[in-house]
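**Student:** Next up is a structure, given as structure tokens.
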Amino acid sequence: MSQKVSLQQLIDDLNRLGKEAENDITASSDKESLERLKIQFLGKKGRLSEILGSMGSLSASERPTIGQNANRLKSQIQELISVKINKLKQEALKDLIASESVDVTAPAKGKPFGHRHPLITTTEEIVDLFCGLGYEVREGPEIENDYYNFAALNIPEGHPARDMQDTFYLENNLLLRTHTSPVQIRCLEKNPPPIRIVAPGRVYRRDAVDATHSPVFHQVEVLAIDEGLDFSHLRGTVMAFLKAFFGDIPIRFRASYFPFTEPSVEVDVQWRGKWLEVMGCGMVDPSVLEGLEIDPDRWTGFAAGLGVERFCMVRHEIDDIRRLYTSDLRFLEQF
Ligand code: DAH
């Protein structure tokens, strides 16, 4: 015999069920457990159905009260569950946004771009200016022998001019070239005049290392040999070059001495109120041409040599030559 239940008992049961459902829903923290609660409370064999199943003992007039209460409870529980599911979704989204957030105010990382060293750009600028005057670029080896570096340039063994260039000697009569002038000899050997060449390159001297000297530095050599070239061509070329590089500044030619040129001059430019020596040059000495079996009565010409570091330091107002070799990016990135 089924136990008789009163209307009030059922109403109490429904209220208790409502409270219990509300507590469980509030406490659950994921969608799966909410689905389980839904089945547990509202499913066909769930707790609500169980209560409704015991309505049989109520009178026909009492049943609608329980029916209405049960329906209201059912939709309340459904509502609580869907509100809770939405809340969980919102929280998950918030977590995701926080974990994937981008700080648009953070400083950009950026890719560092390399660029050419100021000595390279200065060399290129000098070489370009001579190319514009019709000169061709030539290069020679940095390990030279005595003949090309000295003897062929009219600096025989024992000549005091060798002291002007403190040399790194290697084995087997080899040395590190002390200037780019040997490129003159190598080119004339292979290509008889007329010739116009510009030869950039690295050179080596044992000089003490201070703010103005480095054991490795860079020169550009210039050579022009043709019929009828005289000192006015040398002067015109050097003036045109220096004015193109430095702008319209005072230039002066000073008599000097180099074994491979006669006459020889050194050239100064006036820079910030001071005379600054920037290059050596002169008419190629006939004995250099004779040594190469070139007839000095027919062919004449001029040569010039300059230090790239000096040009670079003046152009960029660099006070210490060593800055050009230490690869300090804080320095290099300024150019
Ligand atoms: N070779 C010389 C040096 O390094 C520079 C030089 C002077 C080169 C006069 C020349 C020249 O071609 O004509 O000191």
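The values are calculated or read from the model by the stated rules, or taken from the named source; none is laboratory data. Every value quoted in this text rests on a predicted model; they were computed, and no experiment measured them. All Cβ positions, glycine included, derive from the backbone under ideal geometry; neighbour counts span all protein chains shown.
**Student:** Residues in the range 235-276 that are touching a residue at least 60 places away in the same chain (Cβ under 8 Å) and part of a helix (DSSP H, G or I): how many?
**Tutor:** Qualifying residue count for the region: 7.
**Student:** Filter the range 290-299 for residues that are part of a loop (DSSP other than H, G, I, E, B), within 16 Å of the ligand (Cβ to nearest atom) and of a type outside the set (A, V, I, L, M, F, W, C) and give the result.
**Tutor:** Pro296
**Student:** Restricting to the range 239-290, and then to whatever is under 36 Å from the mean Cα position of the chain (by Cα) and of a type in the set (A, V, I, L, M), can you tell me which residue is nearest to Asn149 (Cα to Cα)?
**Tutor:** Among residues in the range 239-290 that are under 36 Å from the mean Cα position of the chain (by Cα) and of a type in the set (A, V, I, L, M), the one nearest to Asn149 (Cα to Cα) is Met279.
**Student:** Select from the range 34-74 the residues that are surrounded by 13 or more Cβ atoms within 10 Å (Cβ to Cβ) and among the polar types (S, T, N, Q) and list them in ascending order.
**Tutor:** Gln40, Ser49, Ser54, Ser57, Thr65, Asn69
**Student:** Six or more apart or on different chains, Cβ under 6 Å: which pairs go from a residue in the range 296-313 that's without any contact (Cβ under 8 Å) to a residue 12 or more places away in the chain to one that's buried (at least 20 other Cβ atoms within 10 Å of the Cβ) and of a type outside the set (Asp, Glu)? Could you list them?
**Tutor:** Pro296/Leu289
**Student:** Turning to a different aspect of this structure: Please tell me if Val137 is more than 12 Å from the ligand (Cβ to nearest atom), closer than 28 Å to Ile294 by Cβ, of a type in the set (Val, Ile, Thr) and assigned by TED's automatic domain parsing to the domain that holds Ile197. Let's see the steps before the verdict.
**Tutor:** Numbers: more than 12 Å from the ligand (Cβ to nearest atom): yes; closer than 28 Å to Ile294 by Cβ: yes; of a type in the set (Val, Ile, Thr): yes; assigned by TED's automatic domain parsing to the domain that holds Ile197: yes.
Yes, satisfied.
**Student:** Hey, another quick one. So, in the range 201-216, exactly how many residues are in a strand (DSSP E or B), surrounded by 13 or more Cβ atoms within 10 Å (Cβ to Cβ) and either of a type in the set (D, E, K, R) or free of Cβ contacts under 8 Å to residues at least 60 places away in the same chain (or both)?
**Tutor:** Qualifying residue count, the range 201-216: 1.
**Student:** Answer yes or no as to whether Ile185 is farther than 23 Å from Glu309 by Cα, within 12 Å of the ligand (Cβ to nearest atom) and part of a loop (DSSP other than H, G, I, E, B).
**Tutor:** Details: farther than 23 Å from Glu309 by Cα: yes; within 12 Å of the ligand (Cβ to nearest atom): yes; part of a loop (DSSP other than H, G, I, E, B): no.
Criteria not met by Ile185.
**Student:** Please indicate, with yes or no, whether at least one residue in the range 195-206 is more than 16 Å from the ligand (Cβ to nearest atom), assigned by TED's automatic domain parsing to the domain that holds Glu142 and either modelled with pLDDT of 95 or more or hydrophobic (A, V, I, L, M, F, W, C) (or both).
**Tutor:** From the range 195-206, those more than 16 Å from the ligand (Cβ to nearest atom) are none; that's our starting set.
Looking for residues that are more than 16 Å from the ligand (Cβ to nearest atom), assigned by TED's automatic domain parsing to the domain that holds Glu142 and either modelled with pLDDT of 95 or more or hydrophobic (A, V, I, L, M, F, W, C) (or both), one finds none in the range 195-206, hence no.
**Student:** Can you find even one residue in the range 99-115 that is touching a Phe, Trp or Tyr at 6+ places or on another chain (Cβ under 8 Å), farther than 30 Å from Ser264 by Cα and part of a helix (DSSP H, G or I)? Write out each step before concluding.
**Tutor:** The first filter runs over the range 99-115 and keeps only residues touching a Phe, Trp or Tyr at 6+ places or on another chain (Cβ under 8 Å), leaving 115.
With the extra rule that they be farther than 30 Å from Ser264 by Cα, the set shrinks to 115.
With the extra rule that they be part of a helix (DSSP H, G or I), the set shrinks to none.
Checked the range 99-115: no residue is touching a Phe, Trp or Tyr at 6+ places or on another chain (Cβ under 8 Å), farther than 30 Å from Ser264 by Cα and part of a helix (DSSP H, G or I).
**Student:** Now, a different point. Which one of these does His115 not meet: (1) out of contact with any Ser or Thr (no Cβ under 9 Å at 6 or more places or on another chain); (2) at pLDDT below 90?
**Tutor:** The single condition His115 does not satisfy is (1).
**Student:** Can you report the number of residues in the range 233-257 which are closer than 21 Å to Ile195 by Cα and within 11 Å of the ligand (Cβ to nearest atom)?
**Tutor:** Quick first cut of the range 233-257, residues closer than 21 Å to Ile195 by Cα only: 233-241.
Now narrow it down to the ones that are within 11 Å of the ligand (Cβ to nearest atom): 234, 238.
Total satisfying the criteria: 2.
**Student:** Another question about this same structure. Out of all the residues in the range 300-327, which are of a type in the set (Val, Ile, Thr) and within 16 Å of the ligand (Cβ to nearest atom)? Walk me through how you get there before you give the answer.
**Tutor:** The first filter runs over the range 300-327 and keeps only residues of a type in the set (Val, Ile, Thr), leaving 300, 308, 314, 318, 321, 326.
Within the range 300-327, Thr300, Val308, Ile321 meet the criteria.
**Student:** All but one of (1) more than 25 Å from His213 (Cβ to Cβ); (2) away from the ligand (no atom under 15 Å from the Cβ) hold for Gln270, so report the exception by its number.
**Tutor:** Condition not satisfied by Gln270: (1).
Listed here are the residues, each with its yes/no results for (1) assigned to a loop (DSSP other than H, G, I, E, B); (2) in contact with a strand residue (DSSP E or B) (Cβ under 7 Å, 6 or more places away or on another chain).
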residue: Val278; (1), (2): no, yes
residue: Gly282; (1), (2): no, yes
residue: Val288; (1), (2): no, no
residue: Gly301; (1), (2): no, yes
residue: Met313; (1), (2): no, no
residue: Ile318; (1), (2): yes, no
residue: Arg322; (1), (2): no, no
residue: Phe335; (1), (2): yes, no
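**Student:** When the residues of the range 298-328 are filtered to those that are closer than 28 Å to Ala240 by Cβ and among the acidic types (Asp, Glu), which remaining residue is modelled with the lowest pLDDT? Let's see the steps before the verdict.
**Tutor:** Just the residues of the range 298-328 that are closer than 28 Å to Ala240 by Cβ, to begin with: 298-318, 321, 324.
In the following step, the residues that additionally are among the acidic types (Asp, Glu) were identified as 309, 317.
Values: Glu309: 95, Glu317: 89.
Applying the filter and picking the extreme gives Glu317.
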